[in-house]
Every structure is written in C-alpha cells, then in structure tokens.
1. Looking only at the range 80-92, decide whether some residue is in contact with an Asp or Glu (Cβ under 9 Å, 6 or more places away or on another chain), closer than 21 Å to Gln45 by Cα and among the small types (Gly, Ala, Ser).
2. Could you grab me the full set of residues in the range 95-139 that are surrounded by fewer than 16 Cβ atoms within 10 Å (Cβ to Cβ), among the hydroxyl-bearing types (Ser, Thr, Tyr) and part of a helix (DSSP H, G or I)?
3. Answer with yes or no whether Thr79 is over 28 Å from Thr16 (Cα atoms), modelled with pLDDT under 95 and among the hydroxyl-bearing types (Ser, Thr, Tyr).
4. Return the residues of the range 40-54 that are touching a residue at least 60 places away in the same chain (Cβ under 8 Å) and either closer than 18 Å to Ala130 by Cβ or over 15 Å from the mean Cα position of the chain (by Cα) (or both); say none if nothing qualifies.
5. How many residues are farther than 25 Å from Ala44 by Cα and not hydroxyl-bearing (Ser, Thr, Tyr) when one looks only at the range 109-138?
6. Taking Arg72 and the conditions (1) at pLDDT 95 or above; (2) touching a helix residue (DSSP H, G or I) at 6+ places or on another chain (Cβ under 7 Å); (3) of a type outside the set (A, V, I, L, M, F, W, C), which numbered condition does it fall short on, given that it satisfies the others?
7. State all residues of the range 57-78 that are in contact with a strand residue (DSSP E or B) (Cβ under 8 Å, 6 or more places away or on another chain) and either surrounded by fewer than 16 Cβ atoms within 10 Å (Cβ to Cβ) or not in a strand (DSSP E or B) (or both); if no residue qualifies, say none.
Amino acid sequence: MTALALLMLLAAPRDTIGVYDGWGAFGDASPRRCFAIAQPVDPAQRAGSLSVATWPDRNIRGQLHVHLSHPRATTARVTLSIGERHFDLVAGDADAWAPDARTDAAIVAAMRSGRSLSVEALARDGRAFADTYALTGAATAIDAAALACRK
C-alpha cells in the first residue's frame with residue numbers, strides 16, 4: 001500500500017506519524033488515539049482494513065479492530081489467522097474485534113513474528129472470503145503509534 005492510498009483511506013484530519021512498508025501510523029487529537037493501519041493486499045478487498053490502536057485516556061494499548069471487506073452473514077464466525085495461530089473474533093455486520101485485552105495482546109505478539117495475517121468469514125451472500133494482510137512494517141507502525149501517544 002502506498003502512502004497516498006493510506007492517506008486517502010484516512011480522509012479525516014489527523015496527524016501522520018509515518019508510513020512503514022504497507023502500514024501507516026496516524027494519530028487523532030480528540031479523542032486522543034494513535035493507531036497503525038493497513039489494507040488487504042488484494043485490491044478487490046480494499047474496502048477492508050485492520051488497525052491496532054492506543055487510547056491513552058482510556059488506558060488501552062494494542063487494541064485490534066478489523067473492518068471486513070464484505071458484510072458478514074449474521075451467524076458467521078470471524079477468524080483471524082497468523083501462521084498456525086487462530087483467534088475467534090467478536091463481530092458486528094462488517095467489523096470485528098478481539099474478545100478481550102489478553103487476546104489483543106496475543107494477536108499483536110503473533111503479528112510481530114508473522115509474515116501475513118488473514119481474516120476469514122462468510123459473507124452475507126453465502127460466499128466465504130478472506131482478507132489477507134502483509135505484516136511487513138506492522139510492528140514498526142504499531143510501535144510508532146504507541147510511542148506517539150505517550151507524548
């Protein structure tokens with residue numbers, strides 16, 4: 001993903017912390033949050049995004065948020081996979097999160113050593129889909145976002 005694509009994805013006014021391979025790090029002033037974000041590698045999936053955020057006023061660090069590239073079927077599970085590790089996510093129509101802070105931490109730890117990550121679900125039309133993300137640059141973007149929110 002290019003810097004321009006990330007900036008277009010995040011059209012709202014915000015601070016650019018940096019762009020690291022396919023990952024960008026950004027910050028918002030109010031409410032204060034900093035986050036690393038990427039789009040799926042497949043251009044057909046670009047409606048999706050995955051972010052890891054720090055919310056200093058809420059004492060939250062490393063919180064995962066996935067915006068799915070397709071609205072999911074109401075009863076469909078959403079699973080995030082990194083290598084041999086699999087995590088069940090809590091999901092709404094087109095968004096998903098880790099069920100708790102412990103799972104957030106486990107996912108971020110796995111992201112640091114993984115090459116790619118996929119989020120799988122069943123779309124509303126009954127077709128299975130997987131949004132795949134390259135993890136090159138993810139750790140650096142996550143760290144840059146967390147450091148920026150310490151200031």
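The values are calculated or read from the model by the stated rules, or taken from the named source; none is laboratory data. As the structure is a prediction and not an experimental result, all values here were calculated from the model. Positions of Cβ are generated from backbone atoms using ideal geometry, with glycine treated the same way; all protein chains shown enter the neighbour counts.
1. Checking the range 80-92: at least one residue is in contact with an Asp or Glu (Cβ under 9 Å, 6 or more places away or on another chain), closer than 21 Å to Gln45 by Cα and among the small types (Gly, Ala, Ser).
2. The answer is Ser113, and nothing else.
3. On the way: over 28 Å from Thr16 (Cα atoms): yes; modelled with pLDDT under 95: no; among the hydroxyl-bearing types (Ser, Thr, Tyr): yes.
So Thr79 fails the test.
4. Taking the range 40-54 as the starting set, the residues that turn out to be touching a residue at least 60 places away in the same chain (Cβ under 8 Å) are 40-42, 45, 48, 50, 52-54.
Matches in the range 40-54: Pro40, Val41, Asp42, Gln45, Gly48, Leu50.
5. Here is the first cut: in the range 109-138, the residues farther than 25 Å from Ala44 by Cα are 109-110, 112-113.
The next check asks that each one be not hydroxyl-bearing (Ser, Thr, Tyr); those that pass are 109-110, 112.
Of the residues in that region, 3 qualify.
6. (2)
7. From the range 57-78, those in contact with a strand residue (DSSP E or B) (Cβ under 8 Å, 6 or more places away or on another chain) are 60-73, 76-78; that's our starting set.
Result: Ile60, Leu68, Ser69, His70, Pro71, Ala73, Ala76, Arg77.
Let's see how each residue does on (1) over 22 Å from Arg112 (Cβ atoms); (2) polar (S, T, N, Q); (3) modelled with pLDDT of 85 or more:
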| site | (1), (2), (3) |
| --- | --- |
| Arg14 | yes, no, no |
| Ala25 | no, no, yes |
| Arg33 | no, no, yes |
| Val41 | no, no, yes |
| Ser49 | no, yes, yes |
| Val52 | no, no, yes |
